[in-house]
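A.B. asks: One structure, pasted below without further comment.
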Amino acid sequence: MLSYGRCQSKAANERLLSVLDGRNGISASLNPAESNILLGKSLIRLVPVGARIPMRSTRLLSIGLFVYNGERFIEEAIHSILNQTFTDFELIISDNASTDSTCEIVEAYAKCDDRIRYYRSEKNMGAGWNARRVYELATGKYFRWTAVDDLLEPDLLRRCVEVLESDPGCVLAHTRTKEVDENGTFIQNYVQPMKTDYDDPVARFSEIFLWGGDKCYQIYGVMRMSALRQIPPQGIYVNADGVLLARMSLLGRFYEIPEYLFISRRHSRQSMATLPQRMKQPRRFRLTSRYNRSLPSLEWWDPARSRTITFPEFRRLLEYFLSIYRAPLGTGQKVRCYRVLLFWIKTNFRGMLEDLLIAADQVLYNLQVPNSASTNLQKQTD
């Protein structure tokens, strides 16, 4: 028997299941409390999820939702996916050892819709590992990453898949982004003036590399899996999503649908708000209080690396160099890409120097703070 939530009666469970099975209209069959349990509290209009859909061996689209302690937002996120006008997808949910009610919420949805595949890790392996895991589990012709705190307007998947189906040279289709706060209040329409539909791969690479920004919203577009398989999986390091987008740009065109169908939620617990462990720990002396405020810290990507000495800007440089070296480009095209890389070094030289200072402070932190104290602080702040 389906158990929706933790306090549902048998009769309420049966009524919720009947709605998901398409036997009753949602507005007539659910009271407001039950609607909140089924749909979340709501940026999404109360519309039926649809009939129970048996799982086929292969779906056209794989959606990978990676989550850790997402109970506040996950119902809305799942419903915004199940409520899509495009239905030929599998939803892969990878739970990174959540300690809240994420597991119960997801299992309840999985019992009602065979398109949902739920996996749970016994240990928090970090967001980088979890994002790679949903990709590795995907079986579709197309793939899309989804964060637990983001939402999709009903036509997003249909519009993106239509573009990819009609244009073999396009490797990624995405929509424009609307930003809201944690309560769903509108903040802004995010505008990133960038042209990525050039036929010239060097021009596409330059746009993504130099003007792509730090938010990398294109990473939540629908991607052609055959292109993704030609490049290394997304890495577990700072700005790995930006590197993956640059690699994809060398393989084919991106297409932006000029509608705001992707809703990104901005809140205090999201990735870019994650402080490095060395900034959380009280210390008598620091070499610097600097850290990259526009990118997730290394601990978000991998909690086990809170004491690792890293050089994020140098790592980005290396990965971009390798991306060009491995790309299926002619010699002349590669030379032009390397010139773009030289321009980036000139404009980002200060950030690379800050890398050295931050690394020195990390060494000092490792000498000042025992590993056990660092681990205990991390557990308290998870």
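A.B. asks: Cut-off under 13 Å on the C-alpha distance; same-chain residues fewer than 8 positions from LYS123 excluded. Which aspartates and glutamates are left, in chain and number order?
C.D. replies: Partners within reach: ASP95, ASP302, ASP382.
A.B. asks: For region 221-288, what is the charge dipole size about the Cα centre, in debye to the nearest 20, if Lys and Arg each add +1 at the Cβ and Asp and Glu each add -1 at the Cβ?
C.D. replies: Charge dipole, region 221-288, about its Cα centre: 580 debye, nearest 20.
A.B. asks: Please give the length that would be gained between GLU122 and ASN371 if that part of the chain were fully extended, namely 0.36 nm times their separation in residues minus their C-alpha to C-alpha distance (nm, one decimal).
C.D. replies: That pair, GLU122 and ASN371, stretches by 87.4 nm at full extension.
A.B. asks: Right, something else. Can you figure out the FRET efficiency of PHE186 with MET279, using R₀ = 25 Å and their beta-carbon distance, to the nearest 0.05?
C.D. replies: So, using R0 = 25 Å, E works out to roughly 0.20.
A.B. asks: How big is the gap, in Å, between the Cα center of region 195-263 and the Cα center of region 66-136?
C.D. replies: Region 195-263 and region 66-136 have Cα centres spaced 24 Å from each other.
A.B. asks: Here is a follow-up. Along the positive direction of the dipole of region 115-233 (beta-carbon charges: Lys, Arg +1; Asp, Glu -1; about the Cα centre), which of ASN183, MET225, LEU137 reaches farthest?
C.D. replies: Selected residue: LEU137.
A.B. asks: With a cap of 14 neighbouring Cβ atoms within 10 Å, and only residues DSSP puts in a loop, list the GluC sites (Glu not before Pro) found in region 160-200.
C.D. replies: GLU182
A.B. asks: Let me ask something additional. Tell me the label-point distance for the pair PHE321, SER226, using the 7 Å Cα-to-Cβ offset, in nm and rounded to one decimal.
C.D. replies: A separation of 3.3 nm, rounded to one decimal place.
A.B. asks: Take the residue pairs LYS195/LYS346; LYS195/LYS215; LYS178/LYS280 and return only those whose Cα atoms are more than 25 Å apart.
C.D. replies: Distance filter (> 25 Å) returns LYS178/LYS280.
A.B. asks: Please compute the length gained on full extension between SER289 and LEU353, using 0.36 nm multiplied by the number of residues separating them and subtracting their Cα-Cα distance.
C.D. replies: Going from the current span to full extension adds 21.6 nm.
A.B. asks: Now for a separate question. Mind sorting PHE349, PHE143, PHE86 by how few other Cβ atoms lie within 10 Å of their own Cβ, fewest first?
C.D. replies: PHE349, PHE86, PHE143
A.B. asks: Something else now. Find the percent of Cα-Cα distances in region 50-266 that exceed 28 Å, and round it to a whole number.
C.D. replies: Result for the distance tail: 24 percent.
A.B. asks: Which far-off residues, 5 or more places away or on another chain, put their amide H under 5 Å from the one on ASP100, with H placed in the peptide plane?
C.D. replies: The list, which skips near neighbours in sequence, is ASN69.
A.B. asks: Stokes-Einstein diffusion coefficient for region 166-274 at 37 °C in a medium of 0.692 mPa s, Rh from the Kirkwood formula over Cα pairs: what value in µm²/s?
C.D. replies: After rounding, the answer is 224 µm²/s.
A.B. asks: A further question on this structure: Please report ASP155, ASP150 as a ranked list, fewest other C-beta atoms within 10 angstrom at the top and most at the bottom.
C.D. replies: Ordered from fewest to most neighbouring Cβ atoms within 10 Å, ASP155, ASP150 come out as ASP155, ASP150.
Only the coordinates and a few stated rules stand behind these numbers; no lab work does. Keep in mind that this is a model prediction, so the values were computed, not measured. Please note: Cβ atoms are built from the backbone with ideal geometry, for glycine as well, and neighbour counts cover all protein chains shown.
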